[in-house]
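Asks: The structure under discussion is supplied below as structure tokens; questions concerning it will follow.
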Number of protein chains: 2
Amino acid sequence: MTIYDISEKAGVSIATVSRVLNGSRKVSEKTRRKVLDIIDRYGYTPNAFARGLGLNTMKTIGIMCADSSDLYLAKGIYYVEEKLRENGYDSILCCTGYELEARAAAMNLLITKKVDGIIMVGSNFIYEKDSDNQYIANAAAQLPVMLLNGELNAANVYSVVSDDYTSMYDATLQMMQSGIKDIVYFYNSTSYSGMRKLAGYRAAMLTQTDSTEGLEQFYRGSHEDIHAMTRYLKDLQETGLQFHGIIAADDTLALAAVKYAREMNYRIPEDFSILGYNNSMLVNCCEPELTSIDNKLETLCQHLITILLGLLEGKEMPNRTVFPGEIIKRGTTR
Amino acid sequence: MTIYDISEKAGVSIATVSRVLNGSRKVSEKTRRKVLDIIDRYGYTPNAFARGLGLNTMKTIGIMCADSSDLYLAKGIYYVEEKLRENGYDSILCCTGYELEARAAAMNLLITKKVDGIIMVGSNFIYEKDSDNQYIANAAAQLPVMLLNGELNAANVYSVVSDDYTSMYDATLQMMQSGIKDIVYFYNSTSYSGMRKLAGYRAAMLTQTDSTEGLEQFYRGSHEDIHAMTRYLKDLQETGLQFHGIIAADDTLALAAVKYAREMNYRIPEDFSILGYNNSMLVNCCEPELTSIDNKLETLCQHLITILLGLLEGKEMPNRTVFPGEIIKRGTTR
DNA sequence: ATATAAGATGTAAGCTCTTACATAGTCCGT
DNA sequence: ACGGACTATGTAAGAGCTTACATCTTATAT
């Protein structure tokens, strides 16, 4: 069933059918009715390839993500996909893992598939080495590239980010003001936003201490393995390091911190404070419940899509928008 | 840059270029070299639409999923997507929510986009009413439909499922044999596999009790809100129902159960047993850690993809494959 | 009534590939 | 040396849509 069949049955030309299909206004109401009627009587759907060939777009956005099973990234994908579909676009998903090469390959694949734009969900690896980001800049030469919680100074690359620096700065200061000075920063990602968080922590610490040496702890293991994270903290304690607070770069790490503190028989929050990040469902999973920073993921995604759609309509759009986060106080901090 | 440009620069016809591109063997080695050389000198990539038009496929699989931010489904998407890409396919993702209408619409959209097959990740709503599944059967008339943890008796629909019934049956029996008779079944989904789990629980209970009346508790609220789940259990207790064990249909519900038991000051597992399902990262999030059933999601996904790829090559494939689960014993059961 | 503008529809070219069929070139056996 | 059987390559016809441009209607102004 093609446009020819329809045009024949409706007694009009294929151009008219095409116009009806595309909502062009140059069709009389009567003709439109007739064509629409035939179309759904015969259950015709246009061939997406042919259409793509003619229009040179298929209303599809590529989503790149290191790991769709990551709690936070999965939510990002969810919001982005939802809002795209509400606007008549759909999404090709590419989960790349964390290797640069795989990411660059995925990017090319998406471009080959003729997506109209690319959204990078999660900021991993942005900013590691400057040259490592070349693949993004290259892609941006052909289509708009949106960075959710990432940043890159290149033409046609647009960022929507949470102000992780400030959130972390404020939270750290708050914990210090509650009387804890020996706060470990526990993180597992060197992504753009990961680095911003670390910087916020560090800046706040340095307002009251000389150095954060030894306190910044980078955990390399599995992002899901709470056991291993807990063990890491125990090992750390056994090296002789004193600490009575942990600020974690995400809720999973924070949960491990809670576990550690319990095993050490610290009272939380009287003897030991813990702060998480992302305000995910995990905050309710421990006793006491986790204080965590909400970085307003849904809002970020909403804006990101608005900007992308604007770009696709040829409008000028801001190439960097920043949203504040919010500290959600619960039981693990004073 | 089109195939014409390349053919001209290489001094051959477009047919030859096309043959090189498609790995046809009817090209001399010398010509192939020459063409390949030009292609990558000019960085040419074939137009996916034109190619799709000609070949009537774009090596793309549609993935349907109710909620990509669900812990379990997200993992499913992850595995499926990974294995597809390893085999040269990529994926269009549609998150539909749980409404039938939205699911049917998403299905049509995928078909319109000319995907080569559809994978339904998670079994929600399959089997609710028979007529509700018509949209799946219809889609299957046009392309293979794969059900991960779902089932439907229709042509060209293939299932790969975990044997949830048996897992749940065994686990329930085991808990009863440990001495607990008043076990609540705590669930929140009427999906196919949800129903199978329930049936397993029920069958096991009925080997030792007359009825499970009042013990099967269907929770309707948010799938992430542990507070609400805990409250639900408290309310239940306040109605006067006696229970000293909870078997939950997923780990989130089980975590709420742990929380409930702690708040009631039960000792776990001495006074109170809890079983989770999915063996997700959540099992480490409580004290004691959660006994949970592992339904081998990665294995399921691997087989599902193998079957799909087989079908796409025109092979005969089994339309139903079942894998056993495994009870992973931890601290919440005796 | 006539010229003109506006609106509706049709014609045909174009988008970039794939591939059946035609042709040209090679090699073999007799 | 010639017909036949290959192999390598080219030609041209699709594949199903969009859209600029041409044409035909109809309404409007004079």
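Asks: What's the number of the condition B:Gly314 fails, among (1) at pLDDT below 95; (2) of a type outside the set (Lys, Arg); (3) on the phi > 0 side of the Ramachandran plot; (4) crowded, with 16+ Cβ neighbours inside 10 Å?
Replies: (4)
Asks: While we're looking at this one, here's another question. Of all residues in segment B:70-103, which are among the β-branched types (Val, Ile, Thr), touching a residue at least 40 places away in the same chain (Cβ under 8 Å) and at the interface with another protein chain (Cβ under 7 Å from one of its Cβ atoms)?
Replies: B:Ile77
Asks: Tell me, which residue of segment A:8-24 that is free of Cβ contacts under 8 Å to residues at least 24 places away in the same chain and surrounded by 14 or more Cβ atoms within 10 Å (Cβ to Cβ) is farthest from DNA strand C (Cβ to nearest atom)?
Replies: Taking the candidates together, the pick is A:Glu8.
Asks: Out of segment B:239-265, which residues are away from chain A (no Cβ under 14 Å) and surrounded by fewer than 21 Cβ atoms within 10 Å (Cβ to Cβ)?
Replies: Passing the criteria: B:Thr239, B:Gly240, B:Leu241, B:Gln242, B:Phe243, B:His244.
Asks: OK, next. On the basis of being away from chain B (no Cβ under 13 Å) and without any contact (Cβ under 8 Å) to a residue 24 or more places away in the chain, does A:Ile38 make the cut?
Replies: No; evaluated as a whole, the condition is false for this residue.
Asks: Here is a further query. Kindly establish whether B:Gly52 is more than 8 Å from DNA strand C (Cβ to nearest atom) and either facing chain A (nearest Cβ under 10 Å) or of a type in the set (Asp, Glu) (or both).
Replies: yes
Asks: Would you confirm whether any residue within segment B:273-283 is out of contact with any Ser or Thr (no Cβ under 9 Å at 6 or more places or on another chain) and not small (Gly, Ala, Ser)?
Replies: There is no residue in segment B:273-283 that is out of contact with any Ser or Thr (no Cβ under 9 Å at 6 or more places or on another chain) and not small (Gly, Ala, Ser).
Asks: Return only the number of the condition from (1) more than 9 Å from every other protein chain (Cβ to nearest Cβ); (2) part of a loop (DSSP other than H, G, I, E, B); (3) among the hydrophobic types (A, V, I, L, M, F, W, C) that A:Met64 does not satisfy.
Replies: So the condition that A:Met64 fails would be (2).
Asks: Being within 14 Å of another protein chain (Cβ to nearest Cβ) and aliphatic (A, V, I, L, M) is the filter here; which residues of segment B:275-304 pass it?
Replies: B:Met281, B:Leu282, B:Val283, B:Leu290, B:Leu297
Asks: Give B:Arg320, B:Arg334 a once-over and let me know the one that is away from every other protein chain (no Cβ under 14 Å), at negative phi and under 18 Å from the mean Cα position of the chain (by Cα).
Replies: On the way: B:Arg334 fails: under 18 Å from the mean Cα position of the chain (by Cα).
Criteria check complete, one pass: B:Arg320.
Asks: Here is a further query. Take the residues of segment A:115-125 that are buried (at least 22 other Cβ atoms within 10 Å of the Cβ) and not small (Gly, Ala, Ser): which is farthest from the other protein chains (Cβ to nearest Cβ)?
Replies: Ranking the candidates gives A:Phe125 first.
Asks: Is it the case, given these coordinates, that B:Thr230 is away from every other protein chain (no Cβ under 14 Å), of a type in the set (Ser, Thr, Tyr) and over 24 Å from the mean Cα position of the chain (by Cα)?
Replies: Answer is no for this residue.
Asks: Restricting the first residue to segment B:232-253 and requiring it to be closer than 21 Å to A:Cys285 by Cα and in the same structural domain as B:Glu270 (by TED's automatic domain parsing), which pairs with a second residue that is surrounded by 24 or more Cβ atoms within 10 Å (Cβ to Cβ) and basic (Lys, Arg) meet a Cβ separation below 6 Å and a spacing of at least six or different chains?
Replies: What qualifies is B:Ala249/B:Lys197.
Asks: May I pose another question? Please indicate, with yes or no, whether at least one residue in segment B:67-85 is surrounded by fewer than 22 Cβ atoms within 10 Å (Cβ to Cβ) and within 16 Å of DNA strand C (Cβ to nearest atom).
Replies: no
Asks: In the set A:Arg202, A:Arg196, which member is without any contact (Cβ under 8 Å) to a residue 24 or more places away in the chain, within 25 Å of A:Leu297 (Cβ to Cβ) and assigned to a helix (DSSP H, G or I)?
Replies: A:Arg202
Asks: Can you report the number of residues in segment A:151-180 which are under 15 Å from A:Ala203 (Cβ atoms) and either at pLDDT below 95 or touching a Lys or Arg at 6+ places or on another chain (Cβ under 7 Å) (or both)?
Replies: So the answer is 3.
Asks: Pick from segment B:18-58 the residues that are aliphatic (A, V, I, L, M) and near DNA strand D (Cβ under 8 Å from one of its atoms): which of them is farthest from B:Leu110 (Cα to Cα)?
Replies: To start, the set of residues in segment B:18-58 that are aliphatic (A, V, I, L, M) comprises B:20-21, B:27, B:35-36, B:38-39, B:48, B:50, B:53, B:55, B:58.
The next check asks that each one be near DNA strand D (Cβ under 8 Å from one of its atoms); those that pass are B:27, B:50, B:53.
On the way: B:Val27: 36, B:Ala50: 19, B:Leu53: 16 Å.
For segment B:18-58, the residue satisfying everything is B:Val27.
The values are calculated or read from the model by the stated rules, or taken from the named source; none is laboratory data. Since this is a predicted model, take the numbers as computed values, not measurements. Note that we place each Cβ from the backbone using ideal geometry, even for glycine, and neighbour counts take in every protein chain shown.
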